[in-house]
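Chemist: One structure, pasted below without further comment.
The values are calculated or read from the model by the stated rules, or taken from the named source; none is laboratory data. Keep in mind it's a predicted model, so treat the numbers as computed, not measured. For neighbour counting, all protein chains shown are included, and Cβ atoms are generated from backbone atoms with ideal geometry for every residue, glycine included. Surface accessibility is based on the protein's heavy atoms, side chains included, excluding ligands, DNA and RNA. Shrake-Rupley method; radii C 1.70, N 1.55, O 1.52, S 1.80 Å.
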Amino acid sequence: QDEIRILPGLVGIAGLRAERNTYTGWEWLPNLRISSLVSQHHLTWGAISRSVRSPARIDADLVVPGFPPHAVVNNPGFQSEVAEVAEVGYRGRLGAAASISLSAFHHRYERLRTIEAVGSGLTLSNGAEGRLSGFEAWGDLMPMDDWRLVWGVAHMRHSTEVVPGRANLGEDPLGNNPRRTASLRSLANLGANVQ
């Protein structure tokens, strides 16, 4: 990884990570980030990266005790699931008592895990693709010196589709995540030794 100061207040970071696993060999994970200090208390940033979920033993060598022989067919050719991610964001202080962070993201997934029929049995395969887009915001506010409110909201939408010529007999490979979430925490100092 290397950090490059392009201009005063503009910094780029480029990195490459290599991981090796027993099932798929070497995986290359590049990462490129850029940030711009707009002013002393305001920062914008962007990033693109690639990540993988390497196969676990269950993906390539599934055994289900009690199932008849050949009901579950192992797939030693199961590949890593891939995510290509793009993000942009802003962080800033809004006066002495508040800060905020905003970000938007888009993920593109390839080779997602599916359950497919093989002969008279089932196997795990890489038969789906997906997209996930959304935004999130969080911040904090200090109404008083000893009282802090921390809040957050997120909204995302995803879609998956089976690759032509394939099938999925299982659930959505991207899971069943809520479309919207929100949180609010209140932290208070009650004297010098209790929070």
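Matching residues to (1) open to solvent by 40 Å² or more (accessible area, probe 1.4 Å); (2) not hydrophobic (A, V, I, L, M, F, W, C):
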| position | (1), (2) |
| --- | --- |
| ARG5 | yes, yes |
| GLN40 | yes, yes |
| ASN75 | no, yes |
| VAL88 | yes, no |
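Chemist: Name, by its number, the condition in (1) modelled with pLDDT of 90 or more; (2) out of contact with any Gly (no Cβ under 8 Å at 6 or more places or on another chain) that does not hold for THR114.
Modeler: Status for THR114: all satisfied but (2).
Chemist: Within the stretch 133-142, restricting attention to residues that are among the aliphatic types (A, V, I, L, M) and open to solvent by 70 Å² or more (accessible area, probe 1.4 Å), which residue is farthest from ARG166 (Cα to Cα)?
Modeler: So the residue we want is MET142.
Chemist: For GLY130, are the conditions met, namely being more than 23 Å from SER35 (Cα to Cα) and either surrounded by 13 or more Cβ atoms within 10 Å (Cβ to Cβ) or over 21 Å from the mean Cα position of the chain (by Cα) (or both)?
Modeler: yes
Chemist: Working carefully through the options VAL194, VAL118, VAL82, find the one that is loosely packed, with under 12 Cβ neighbours inside 10 Å and not charged (D, E, K, R).
Modeler: It is VAL194.
The rows are residues; the columns are (1) over 21 Å from GLU110 (Cα atoms); (2) modelled with pLDDT under 95.
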| residue | (1), (2) |
| --- | --- |
| THR44 | yes, no |
| ALA60 | no, yes |
| GLY66 | yes, yes |
| HIS70 | yes, yes |
| VAL82 | no, no |
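Chemist: Could you tell me which of the residues ARG93, ARG53 is in contact (Cβ under 8 Å) with a residue 24 or more places away in the chain and within 29 Å of LEU184 (Cα to Cα)?
Modeler: Going through ARG93, ARG53 in turn, the sole match is ARG93.
Chemist: Give just the number: which of (1) over 30 Å from ALA71 (Cβ atoms); (2) over 25 Å from the mean Cα position of the chain (by Cα); (3) of a type outside the set (Phe, Trp, Tyr) does VAL153 not satisfy?
Modeler: (2)
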